[in-house]
Each structure stands twice: as structure tokens, then as C-alpha cells.
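Please read the structure below before turning to the comments.
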Amino acid sequence: MNILGQRSATIPATIGTPANVLPYENFQQVDNKGFEIVLGYNKQLNDKLSIQSRISITHAENTVMDIGEPASKEQRIKQAGRPLNPVYGYKANGYFQSADEITKAYGNNYPFVKPGDIRYEDLNGDGFINGDDVTYIGSNNLPINIFGWQTTLTAGNFEGSMFWQAGTGN
């Protein structure tokens, strides 16, 4: 399925146009898969009292197929093959336990790092933690599974209703 998107992945910032002013185009491709199941129950208890109840289960996943990324983009930061709106950052690898451990990991490049600080992986092995070490660390905060329960009680001209919803996975 095509979706609207900006060509910010392929137009370099050096041309002087901020990415947020580029026009939206219908060129990005995303594969969406999922299902929804709804089960309902209605019961007229007497001529003035009735109850309705429904449960729903929804599962939805998406995978970016193409958003116009350059072929030369490193796999660790590509969006293709990942969920829409992936999260990127530094990959944590525990906590530093001693000053010697910090020196072994980063040399003397970071004198402000102390034991107890988070140890980030130096993905390119250059001894520095910088933008070259940013990688995919997870999917967005949208749930993959959504569960719902709705119940309505009608008594004469009055109606009471409640709806509960929960989401899991991302």
C-alpha cells in the first residue's frame, strides 16, 4: 500500500531546504497485515431492561517496504524492513563497573564517564560514541494487539455504558 511521505531520506540537507517544507507525495510503500474479531451479545431481560456486550480483538502489523532511502544507507539505520516510525538511538550494554573498564572501552576520550554510568556500544569500533553508533533500537509506541470490552445496560429511558481497552506489544 502506498502512503504519503516526504522525500527527506533522499534529498540532502546541503541543498538548503529543510525536510519539513518538502511536499508530501504518494510514493512510500508499507505492507500492512492484521485482523479484527468482534463478538457481541444482546439480551432483552424484560420489557424495560436490556443488556448488550461486545468484545473485540485486533492485531495489526506493518513493515516499511520502500520510503525512498538511498541504496548506500547503512543497514543499521535503514527503515525498510522495519515497522513504521522506528526508534533509533545508542545501544546500551550494561554499566561501567570501574575506571579501568571505561579506559578499555573508550580510551581517554571520555574523562567525564564514571563507574555506574551506562556503557554504550561502539558499533564502528573507532573509540568514540557519536552519530556513527546510532542504530535501530525498537519499534514505535503503537500497540500491535488491542483488546476491547464494551457493555451497555438499558433500563427504560436510561442507559449506562462502559468501555475498557488495552493494548500490548510494540
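The values are calculated or read from the model by the stated rules, or taken from the named source; none is laboratory data. The shown structure was predicted, so the numbers you read here are calculated from the model rather than taken from an experiment. Glycine gets a Cβ as well: all are built from the backbone with ideal geometry, and neighbour counts include every protein chain shown. Ligands, DNA and RNA are excluded from the accessible area calculation, which covers all protein heavy atoms including side chains. Shrake-Rupley method; radii C 1.70, N 1.55, O 1.52, S 1.80 Å.
Under the Kirkwood approximation for Rh and a Cα-based Rg, what ratio Rg/Rh is obtained for the chain?
Reported Rg/Rh (Cα atoms, Kirkwood Rh): 1.20.
Within straight cross-link reach of K43, meaning Cα distance under 19 Å, which aspartates and glutamates are found once same-chain residues fewer than 8 apart are removed?
Candidates past the 8-residue exclusion: E159.
Once R0 is set to 25 Å, what does the formula 1/(1 + (r/R0)^6) return for the Cβ-Cβ distance between A155 and A60, expressed as a FRET efficiency to the nearest 0.05? Walk me through the intermediate numbers first.
Values: r = 37 Å, r/R0 = 1.46.
The calculated FRET efficiency here is 0.10.
Compute the semi-axes of the equivalent ellipsoid of segment 114-170, taking the square root of 5 times each eigenvalue of the Cα gyration tensor, and list them largest first in whole Å.
They are 52, 13, 7 Å, listed largest first.
Averaged per residue, what accessible surface does the chain expose to a 1.4 Å probe, in Å²?
69
Applying the Karplus parametrisation 6.51 cos²θ - 1.76 cosθ + 1.60 with θ = phi - 60° to the phi angles of segment 132-139, what ³J(HN,Hα) value in whole Hz is obtained for each residue in order, glycine and proline being reported as x?
Along segment 132-139, the couplings run 6, 9, 6, 8, 5, 10, x, 8 Hz.
Please report the net charge: other residues with Cβ closer than 12 Å to the Cβ of H59, K and R +1, D and E -1.
-1
Give me the one-decimal nm value for the distance between modelled label points at F163 and S98, 7 Å along each residue's Cα-to-Cβ direction.
Label at F163, label at S98, 5.9 nm between them.
Using θ = phi - 60° and the Karplus relation 6.51 cos²θ - 1.76 cosθ + 1.60, list the HN-Hα couplings for segment 105-118 in order, rounded to whole Hz, with x at every Gly or Pro.
Listing the rounded values in order: 7, 10, x, 9, 6, 10, x, 7, 6, 10, x, x, 6, 5 Hz.
Given charges of +1 on the Cβ of Lys and Arg and -1 on the Cβ of Asp and Glu, with all other atoms neutral, how large is the dipole of the chain about its Cα centre, in debye to the nearest 20?
460
Could you run the Karplus curve 6.51 cos²θ - 1.76 cosθ + 1.60 with θ = phi - 60° over segment 158-166 and give me ³J(HN,Hα) per residue in whole Hz, x for Gly and Pro?
10, 9, x, 9, 9, 9, 10, 9, 9
Select from T168, V134, I67 the residue farthest towards the positive end of the dipole of the chain; place +1 on Cβ of Lys and Arg, -1 on Cβ of Asp and Glu, and compute about the Cα centre.
T168
Within 10 Å of each candidate Cβ there may be at most 13 other Cβ atoms; applying that plus a DSSP loop requirement, which GluC sites (Glu not before Pro) in segment 31-140 survive?
Of the GluC sites (Glu not before Pro), the ones in loops of segment 31-140 whose Cβ has at most 13 other Cβ atoms within 10 Å are E74.
Lysine pairs in segment 63-170 8 or more apart or on different chains: how many have alpha carbons under 26 angstrom apart?
Total qualifying Lys-Lys pairs in segment 63-170 comes to 5.
May I ask you to give the percent of accessible area on the chain that is carbon plus sulfur, with a probe radius of 1.4 Å?
Solvent-exposed carbon and sulfur of the chain make up 55 percent of the total.
Treating only the Cβ of Lys, Arg, Asp and Glu as charged (+1, +1, -1, -1), what charge dipole size does segment 89-170 show about its Cα centre? Round to the nearest 20 debye.
220
Would you mind checking which residues have amide H under 5 Å from Y88's amide H? H placed 1.01 Å from N; only 5 or more apart, or other chain.
Amide H neighbours of Y88, under 5 Å, 5+ apart: I137.
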